[in-house]
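Notes follow once the structure below has been shown.
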Amino acid sequence: MIEITSILCPIDFSEFSRHALDHAVAIARWYNARLTVLYVFSNFSAMDMPAVVLDEKGRQAIMAEMRNFTEHVPSDLRLDLRIGEASDIHREILARAQATHADLLVIGSHGRSGFERLLLGSVTERVIRKAPCPTMVVPRLAPDRSPNTPVQFRRILCSVDFSEGSLRALEYAVTLAEEADARLTVLHVIEVPPELRENPLAEGFDVDRARAEAEARSLQHLRELIPQDARTYSTVETAAREGAAYHEILKVAAEQGIDLIVMGVQGRGALDLLLFGSNTARVTRTATCPVLIVPRV
């Protein structure tokens, strides 16, 4: 069972980080977790300009703004407001994640084109590349949703490719579905059935049968992965699709009105690759709902 006792949510007072904070608050309440809200003041020096020093008056002003920014957070939530000061904002966020023993990092994506801009060296990209814990990337608020709408994960989608990283992601998806009383869809995308890779031109080869058998095997494997008690606390569905993985994941998310996509990666090396064209990167770049990225332990 996954436990989340400490959540870190960096903010910059933008609407992007307000939307991320709403998600962090919801998860903190489900798990009765401590929520640390962090603002990092940049003292970066450029060219011949000296670094700007944060004095006590400036620190007090930032803290007042943080209190105002978090005034909607329920009073029964364990909330910790922190101000950091660093030349590299992403390094301070990562250091604070280590210091607070964060089990989850919730951060907003920024830029006119969302994650596409994020991939070009932003703070968020650098954070998720090296984060020591799962990271939830929250996109801008969808235009058809009100800012006052409470965060709900009614439908969760977890993509499983049977790798160790995706099995770890499934643990998180199952636990979140239980806490949020959500419907969970566990999806495997068959990019190319094994038989089609091996000998598709053999005499008498039945393409449709090979595809059907590959789908049946995938569904059976998915069912075996679902914990016995998971179906007691939430509704769990399994699905198999054939095609490009990122395309099918986004397609299912749109068809089902998914509120959260959960995906795993194979450790930090794979996370670096993630940012240069993998399925996880493409999904996170395009998804209109939050994406939880779970690294391998």
Checklist entry - Can you find even one residue in region 185-200 that is at pLDDT 85 or above and assigned to a helix (DSSP H, G or I)? => result no
Checklist entry - Going through region 89-131 one residue at a time, which ones are outside any helix (DSSP H, G or I), open to solvent by 10 Å² or more (accessible area, probe 1.4 Å) and at pLDDT below 85? => result H110, G111, R112, S113, G114, L119, L120, G121, S122
Item to check | Residue count, region 1-35 (criterion: assigned to a strand (DSSP E or B) and in contact with a helix residue (DSSP H, G or I) (Cβ under 7 Å, 6 or more places away or on another chain)) | outcome: 5
Next on the checklist: Just the residues that are in contact with a Phe, Trp or Tyr (Cβ under 9 Å, 6 or more places away or on another chain), of a type in the set (G, A, S) and assigned to a helix (DSSP H, G or I), please, taken from region 58-88.
Outcome noted: G58
Checklist outcome for this item: L21 meets each of (1) modelled with pLDDT under 90; (2) under 22 Å from T5 (Cα atoms) with one exception, condition (1)
Checklist outcome for this item: Note on region 32-56: residues at positive phi and at pLDDT below 90 are M47
Next on the checklist: Filter region 207-246 down to the residues that are in contact with a strand residue (DSSP E or B) (Cβ under 7 Å, 6 or more places away or on another chain), assigned to a helix (DSSP H, G or I) and closer than 20 Å to G264 by Cα and list them by number.
Outcome noted: S218, L219, L222, R223, A230, A245
Checklist entry - In region 149-190, what residues are aromatic (F, W, Y), in contact with a helix residue (DSSP H, G or I) (Cβ under 9 Å, 6 or more places away or on another chain) and open to solvent by less than 20 Å² (accessible area, probe 1.4 Å)? => result F153
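The values are calculated or read from the model by the stated rules, or taken from the named source; none is laboratory data. Since the model is a prediction, treat every value here as computed from it, not as a measurement. Please note: Cβ atoms are built from the backbone with ideal geometry, for glycine as well, and neighbour counts cover all protein chains shown. Heavy atoms of the whole protein, side chains included, go into the accessibility calculation; ligands, DNA and RNA do not. Shrake-Rupley method; radii C 1.70, N 1.55, O 1.52, S 1.80 Å.
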